[in-house]
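I have placed the structure first, in the form of structure tokens, so that the comments after it can refer back to it.
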Amino acid sequence: MQCLDISFRYKPIQSWVIERFSYTFKPGVTLVRGASGCGKSTLLRLLAGFLEPQIGAITTPQGKTPADTEFQRRNLGFVFQQLNLLPLATVRRNLALAGSLAGIPDPQIAINSNRWLQLLGLEPYAERLPQSLSGGQQQRAAIARALVKEPAVLLLDEPTSGLDELNTRVIVGALKRFVVGDRICVVSSHDSRLETLANEILDFNCFLPLERHLEALV
């Protein structure tokens, strides 16, 4: 997945959040780290096609833009910090709906759901509503929902934020099982525990200017 000289800002009068950024995300896990406010979450939304750069271009492994409907429907998995699990659907139903929207046949959805529920330690909670789960269980459920369609590109925004060591190890173990072949996983995180998972570490501070008021303090 390639970013070619991209720049982005939310309003024309504002400074660039991302400026002249080029990078090729290769198969495997790329850990994106950097100071708060440096644009890590914005980068993930650009890679997902939820935002579009004002300058430059992003190309998916399928040779299209991330905003392509088929890419987003079938080949993209995204876990927001807010998780966004459907509150009135069980964990298993959340996974089934994600698989259905991706066009995966029901028998395969059942196979994939069972696989990721097991690998993420969620089988005992599969028929429960998200609000009845702990924070760590909800985080794992959101990741399982993204994995159920086994996308070509998986984007995770702070997937282990605030989680204990056990939850973090479970998530790392599942991601190691997922990232095989040509699959691309990009993780935005401050969590140094994820560094052992990464094939590449991208220090975003090396590519992007710090916020202007912070530069005066350096």
Charges at C-beta only: +1 for Lys and Arg, -1 for Asp and Glu. How large is the resulting dipole of the chain about its Cα centre, in Debye rounded to 20?
400 debye
Kindly write out, for the range 141-152 in residue order, the coupling ³J(HN,Hα) from the Karplus curve 6.51 cos²θ - 1.76 cosθ + 1.60 (θ = phi - 60°), rounded to whole Hz, with x marking Gly and Pro.
5, 5, 5, 4, 5, 5, 7, 4, 8, 6, x, 6
Equivalent ellipsoid semi-axes for the chain, as square roots of 5 times the alpha carbon gyration tensor eigenvalues: give them largest first, rounded to whole Å.
30, 20, 16
What part of the accessible area of the chain, given as a whole %, is carbon or sulfur when the probe is 1.4 angstrom?
52 percent
Run down the lysines and flag those whose C-alpha is under 27 Å from the C-alpha of K176, throwing out any fewer than 8 positions away in its chain.
K26, K40, K64, K149
Mind listing the phi-derived Karplus ³J(HN,Hα) values for the range 45-52, rounded to whole Hz, using 6.51, -1.76 and 1.60 with θ = phi - 60°, and x for any glycine or proline?
5, 5, 5, 7, x, 7, 10, 10
Which FRET efficiency, nearest 0.05, do T24 and K176 yield, Cβ-Cβ r, R0 30 Å?
0.85
Multiplying the sequence separation of S15 and H190 by 0.36 nm and subtracting their Cα-Cα distance, what value in nm do you get?
60.6 nm
Helix-only [θ] at 222 nm, the chain, -39500 (n - 2.57) per DSSP H run of 4+, per residue, nearest 500, equals -9000 deg cm²/dmol
Helix 91-101: inclination vs the chain longest Cα principal axis, degrees, rounded to 10, gives 70 degrees
Shape of the range 121-177, Cα gyration tensor, a/c cut at 1.5
oblate
Give me the angle, in degrees from 0 to 90, between the Cα long axis of helix 106-119 and the longest principal axis of the Cα atoms of the chain, rounded to the nearest 10.
80 degrees
Largest first, what is the accessible-area ranking of D164, D5, D191 with a 1.4 Å probe?
D164, D5, D191
When only alpha-carbon atoms are used, what values of Rg and Dmax, in angstrom, describe the range 8-66?
11.9, 37
For the range 35-83, diffusion coefficient by Stokes-Einstein and Kirkwood Rh (Cα), 25 °C, 0.890 mPa s, µm²/s
211 µm²/s
Nearest-0.05 FRET efficiency for E165 and Q131 at R0 = 30 Å, using Cβ-Cβ distance, is 0.75
Work through the residues other than A142 whose Cβ is under 12 Å from its Cβ and net out their charges, Lys, Arg +1 and Asp, Glu -1.
0
For I55, residues with placed amide H under 5 Å, excluding near neighbours
S7
I'd like to know which of S113, H190, N84 lies farthest towards the positive end of the charge dipole of the chain, counting +1 on Cβ of Lys and Arg and -1 on Cβ of Asp and Glu.
S113
If amide H atoms are built 1.01 Å from N in the plane of the peptide, which residues on other chains or at least 5 residues away come under 5 Å of the amide H of G28?
R183, I184, C185
Put a dot 7 Å past each Cα toward the Cβ at T59 and A89; how far apart are the dots in nm?
3.4 nm
Computed lengthening from Q118 to E70, 0.36 nm per intervening residue step minus Cα-Cα distance:
14.5 nm
Computed over the chain, protein heavy atoms only, probe 1.4 angstrom, the accessible area per residue in square angstrom equals 48 Å²
So for L51, L88, what's the accessible-area order with a 1.4 Å probe, most first?
L88, L51
Considering only the chain, what is the antiparallel percent among its DSSP beta bridges, to the nearest 5?
30 percent
Enumerate the calculated ³J(HN,Hα) couplings along the range 68-75 in order (Karplus 6.51 cos²θ - 1.76 cosθ + 1.60, θ = phi - 60°), each rounded to whole Hz, writing x wherever the residue is Gly or Pro.
4, 4, 5, 4, 5, 6, 10, 9
Starting from the alpha-carbon convex hull of the range 82-176, give the projected area averaged over all orientations, in nm².
5.7 nm²
Quick one: Cα centre-to-centre distance for the range 120-157 and the range 64-99, in angstrom?
11 Å
Taking only Cα atoms, what is the 0 to 90° angle, nearest 10, from helix 165-178's long axis to the longest principal axis of the chain?
90 degrees
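The values are calculated or read from the model by the stated rules, or taken from the named source; none is laboratory data. Being a predicted model, the structure only gives us computed values, none of them experimental. Every residue, glycine as well, gets a Cβ built from its backbone with ideal geometry; the counts of neighbours run over all protein chains shown. Remember, those area values only see protein heavy atoms, side chains included, never the ligands or the DNA or RNA. Shrake-Rupley method; radii C 1.70, N 1.55, O 1.52, S 1.80 Å.
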